[in-house]
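Colleague: Sharing a structure with you now.
The numbers here are math on the coordinates, done by the rules we state, and not lab data. Just so it is clear, the structure is predicted and the values come from calculations on it, not from any experiment. Positions of Cβ are backbone-derived with ideal geometry, glycine not excepted, and every protein chain shown enters the neighbour counts.
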Amino acid sequence: MIVSLTIVRYRKSLIPFALLAMAAHRLPLVVNKKCSFWKLLGSGRNGTFDLQPDWQQWGLLAVWDNREAFDEFYNKSFIHWWWNTFTNEKWTILCEPLQSHGKWNSKEPFGKPDTKVIIGPVAVLTRATIRPNKLKSFWANVDSVANIMTNTPGFITSFGIGEAPVYRQATFSIWKSIEDVKAFAYTSKEHAEVIKKTRNENWYSEELFARFKIVDSLGTINGNNPLKGIEL
């Protein structure tokens, strides 16, 4: 299994093609038998859960049978042609699941891996469907945690992605090591308080948390490859 997250950027004048892609790219993904799970995603501006959409930046997260299946899609598909034609920047990270807990649309897209020993850079996906009556409380707590994360040692970059504005949100973050992830998750007072609230106040109707081994990094986003110079 290979998991890909591709982030693309459109010129302002071509934003209508970005919106059209959310419909036009569905059929090619549905009929691709080597892709077991996919989500076309919008993007926030601040690299985490975000109410402010970035209309120029969009994403595709997909689960492939193997690297060969991804390479075929990446080099020969209609979506690849679309990206090359209408976007001015494209970056893809390829990963293998290390740990995954929870569900996404009632599915376990990454299986149930539970790797105990994790070495090297890691990617982390945190995804949730927020209950409508908990939206106010959720959004009131987002900024404080986001600011801490971006200033934590070992943090490389992150992307705010989502299937729907406001209530279906995800953050995909990249770290130098699992120790850096744990330091942020367990030693940050603000983060610990927010996690406690999610449980006590039952913010989410569905959630998923996954960690990944980074396999490859292709292309650039915002002018650079986030993993350039980092040994994978």
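Colleague: Over the Cα atoms, compute the radius of gyration (one decimal) and Dmax (the largest Cα-Cα distance, rounded to a whole number) for segment 69-144, in Å.
Modeller: 17.5, 45
Colleague: Also: Assigning unit charges at the beta carbon (Lys, Arg +1; Asp, Glu -1) and nothing else, what dipole magnitude in debye, to the nearest 20, does the chain show about its Cα centre?
Modeller: Its charge dipole is roughly 420 debye.
Colleague: Evaluate E = 1/(1 + (r/R0)^6) for S177 and H101, where r is the Cβ-Cβ distance and R0 equals 22 Å; express this FRET efficiency to the nearest 0.05.
Modeller: 0.65
Colleague: Among K116, K196, K90, which one moves the most in a GNM of the chain with springs linking Cα atoms closer than 10 Å?
Modeller: Evaluated over the chain, the most mobile residue of the options is K116.
Colleague: Let me ask something else about it. Order these by the 10 Å Cβ neighbour count, fewest first: M149, M22.
Modeller: Placing the least packed residue first, the sequence is M22, M149.
Colleague: Counting each pair of different Cα atoms once, what's the Kirkwood radius of segment 158-221 in Å, rounded to one decimal?
Modeller: Over segment 158-221, the inverse of the mean reciprocal pair distance is 14.1 Å.
Colleague: Can you give me the Rg/Rh ratio for segment 44-170, using Cα atoms for both radii and the Kirkwood formula for Rh?
Modeller: Radius of gyration relative to Kirkwood radius: 0.97.
Colleague: Rg/Rh for the chain to two decimals, with Rh computed the Kirkwood way over all alpha-carbon pairs.
Modeller: Across the chain, the Cα-based Rg/Rh ratio is 0.94.
Colleague: Same structure again: Taking the Cβ of each residue in R168, R11 as the centre, tally the other Cβ atoms inside 10 Å and list the residues starting with the fewest.
Modeller: Going from least to most buried by this count: R11, R168.
Colleague: Of L227, L51, L41, how do they rank once you tally other Cβ atoms within 10 Å and put the fewest first?
Modeller: Ranked by crowding around the Cβ, least crowded first: L51, L227, L41.
Colleague: While we're on this one: List, in order, the whole-Hz ³J(HN,Hα) value for each residue of segment 216-226 obtained from phi through the Karplus relation with A = 6.51, B = -1.76, C = 1.60 and θ = phi - 60°; use x for Gly and Pro.
Modeller: Per residue, the Karplus-derived 3J(HN,Hα) values read 7, 9, 10, x, 9, 9, 6, x, 8, 8, x Hz.
Colleague: Quick one: net charge of N84's neighbours, Cβ under 12 Å, K/R +1, D/E -1?
Modeller: Taking every other residue near N84 into account, the sum is +1.
Colleague: Mean projection of the alpha-carbon convex hull of segment 118-232 over all orientations, in nm²?
Modeller: It is 7.7 nm².
Colleague: What is the sum of charges, Lys and Arg at +1 and Asp and Glu at -1, for the other residues whose Cβ falls under 15 Å from the Cβ of V31?
Modeller: Charge balance in the 15 Å sphere: +2.
Colleague: On to the next question. Given points 7 Å out from each Cα along the Cα-Cβ axis, report the T85 to K34 separation in nanometres with one decimal.
Modeller: The two pseudo-label positions are separated by 2.2 nm.
Colleague: With an 8 Å cut-off on Cα pairs and a minimum separation of 6 or more residues, tell me the relative contact order of segment 89-220 in percent.
Modeller: 47 percent
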